[in-house]
1. Any chance segment 288-302 includes a residue that's outside any loop (DSSP other than H, G, I, E, B), crowded, with 17+ Cβ neighbours inside 10 Å and not aromatic (Phe, Trp, Tyr)?
2. Select, from 272, 369, 364, the only residue that is part of a helix (DSSP H, G or I) and modelled with pLDDT under 85.
3. Within segment 174-184, can you find the residues that are in a helix (DSSP H, G or I) and hydroxyl-bearing (Ser, Thr, Tyr)?
4. I need the full set of residues from segment 166-186 which are under 22 Å from residue 221 (Cβ atoms) and without any contact (Cβ under 8 Å) to a residue 12 or more places away in the chain, in order please.
5. Right, residue 310: under 22 Å from the mean Cα position of the chain (by Cα), open to solvent by less than 40 Å² (accessible area, probe 1.4 Å), within 11 Å of residue 251 (Cβ to Cβ) and modelled with pLDDT under 95 or not?
6. Give the residues of segment 328-348 that are at pLDDT 90 or above and among the hydrophobic types (A, V, I, L, M, F, W, C), sorted by residue number.
Amino acid sequence: MANHYFLGVLLLALLFICSAENPESTADNGYPPLWDLVPESLENFTKENKVEMDPWRYFDRMAMYRILLASTTKYFSILGSNNSGNILWGLPLQHGWQFHTGRLADPSKTTICGFKDREDPLCISEKSWWACMNYYLSVIPFLSAAAVGMFADLPPQPLEIVPPGQNTEDFCYSIDHCQSSFPDVMDKWKQFFQYLKSSNIPPDSIANGMFSPELDEVLHYMWMAHEASIAVANPKCQKRLSYLSDPEQYFDKSWATTVEYIAATHFLTDFQNSNNFQHFLPPRVLNRGDSPPVILDFSPEENRALFTINNIYTINSNTRGVILKQWKKAMCSEKGRLEGRRLMQNLFTNLPLAGWNILEIFVQFIINQKCPVKD
Ligand SMILES: *[C@@H]1O[C@H](CO)[C@@H](O)[C@H](O)[C@H]1NC(C)=O
Ligand SMILES: *[C@@H]1O[C@H](CO)[C@@H](O)[C@H](O)[C@H]1NC(C)=O
């Protein structure tokens, strides 16, 4: 019975993705906004008695990513030139999207923080739900990486993170403080970086979309840490949803859920894939009355992407997460994950193939019945 339901949901997904066209390629060069101006070294933040970074400033938060990317270049060089194969690209690209779509600005609109047409466009608002969620996907991985010695040029001074003006209890501000406040998340990110250091991703790690066991394992550790970050961030950030319109709130909750589905596929978050995938996410904060798939100033693909993401959440909550468990079961084998990744990509870019993916996923779901799935 449950199996039939799962197939039904997958076929339903197919129905509304059938009517789409292929997207145009991106006009911009794919880098996060102002990327070339972002400091790329810890030296830029070193003072006499400390290294100080302010994650409530766009350049400082992005610098964490730039430093992380630079310090992990060598582990991914086999996957592409110019660090394009680095799987950490997903994080700064996602943060860049948050920035340029206005999601990091003060949602209560009581300050000028983060508004492009005001005096302080590079400010990141402590009241922004996205900024809060992203804290656990920027500061936490950054400090974890520092803790396990990923930064060869880490100065001897202590690393200090500047607290926001309010709600300081929602975050942590140093390696020790984060370790004691959020041990599980810190440990999982540390595990990822430690595994990365010992890993040796072989050439031809991606053959027809299938990953080598080594690359698969690196992705497994990264997504495990990513999920742990979201699990901790959700309750800490939740009160910030109340500043947002109903459609934006619904999308935000839906996105947090959709990421769990993406994580289970071990989605490859390198430069190109991340760009392709987030290309159709909502280009602005949603307003009251915005109702996908008929938001007039959104392209058909943007409308469909939002509609799909919202429906993943709706179906997931209506089935109390049973669908997610079944999805995870289908994603238990590399073949299943391959089809899952293809579906995720094809949902927005190559639709005729999505139907085939869906059938393959169902086959894998049946084959993987015995696979243990944790919550
Ligand atoms: C960072 O520091 C380096 C070396 O001191 C300097 O050349 C560079 O201009 C600084 N970058 C920024 C964005 O401040
Ligand atoms: C290499 O990466 C940098 C940013 O990290 C970018 O500015 C530059 O354009 C890239 N070069 C090529 C050839 O893609």
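The values are calculated or read from the model by the stated rules, or taken from the named source; none is laboratory data. All figures in this text were calculated on a predicted structure; none of them were measured in a lab. Cβ atoms come from the backbone with ideal geometry, glycine included; neighbour counts cover every protein chain shown. Protein only, heavy atoms only, side chains kept; ligands, DNA and RNA dropped before computing areas. Shrake-Rupley method; radii C 1.70, N 1.55, O 1.52, S 1.80 Å.
1. Initial filter on segment 288-302 (outside any loop (DSSP other than H, G, I, E, B)): 300-302.
So of that shortlist, the ones also crowded, with 17+ Cβ neighbours inside 10 Å come out as 301-302.
Within this subset, residues satisfying the condition of being not aromatic (Phe, Trp, Tyr) are 301-302.
Looking through segment 288-302, at least one residue is outside any loop (DSSP other than H, G, I, E, B), crowded, with 17+ Cβ neighbours inside 10 Å and not aromatic (Phe, Trp, Tyr).
2. Testing whether each residue is part of a helix (DSSP H, G or I) and modelled with pLDDT under 85 leaves just 364.
3. Step one: of segment 174-184, the residues in a helix (DSSP H, G or I) are 175-181, 183-184.
Across segment 174-184, the qualifying residues are 180, 181.
4. Narrowing segment 166-186 to residues under 22 Å from residue 221 (Cβ atoms): 172, 175, 178-179, 181-186.
Correct list: 181, 183.
5. Working: under 22 Å from the mean Cα position of the chain (by Cα): yes; open to solvent by less than 40 Å² (accessible area, probe 1.4 Å): yes; within 11 Å of residue 251 (Cβ to Cβ): yes; modelled with pLDDT under 95: yes.
Here the answer is yes, as residue 310 does meet what is asked.
6. 330, 331, 332, 338
A quick yes/no check of all residues on (1) under 26 Å from residue 240 (Cβ atoms); (2) assigned to a loop (DSSP other than H, G, I, E, B); (3) open to solvent by 40 Å² or more (accessible area, probe 1.4 Å); (4) out of contact with any helix residue (DSSP H, G or I) (no Cβ under 7 Å at 6 or more places or on another chain):
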{"site": "153", "(1), (2), (3), (4)": "no, yes, yes, no"}
{"site": "160", "(1), (2), (3), (4)": "yes, no, yes, yes"}
{"site": "164", "(1), (2), (3), (4)": "yes, yes, no, yes"}
{"site": "172", "(1), (2), (3), (4)": "yes, yes, no, no"}
{"site": "186", "(1), (2), (3), (4)": "yes, no, no, no"}
{"site": "189", "(1), (2), (3), (4)": "yes, no, no, no"}
{"site": "192", "(1), (2), (3), (4)": "no, no, no, no"}
{"site": "195", "(1), (2), (3), (4)": "no, no, yes, no"}
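Quick grid of which residues meet (1) under 22 Å from residue 224 (Cβ atoms); (2) in contact with a Ser or Thr (Cβ under 6 Å, 6 or more places away or on another chain); (3) in contact (Cβ under 8 Å) with a residue 12 or more places away in the chain; (4) within 12 Å of ligand 2 (Cβ to nearest atom):
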site: 52; (1), (2), (3), (4): no, no, yes, no
site: 58; (1), (2), (3), (4): no, no, yes, no
site: 65; (1), (2), (3), (4): yes, no, yes, yes
site: 72; (1), (2), (3), (4): yes, no, yes, no
site: 79; (1), (2), (3), (4): yes, no, yes, no
site: 95; (1), (2), (3), (4): yes, no, yes, no
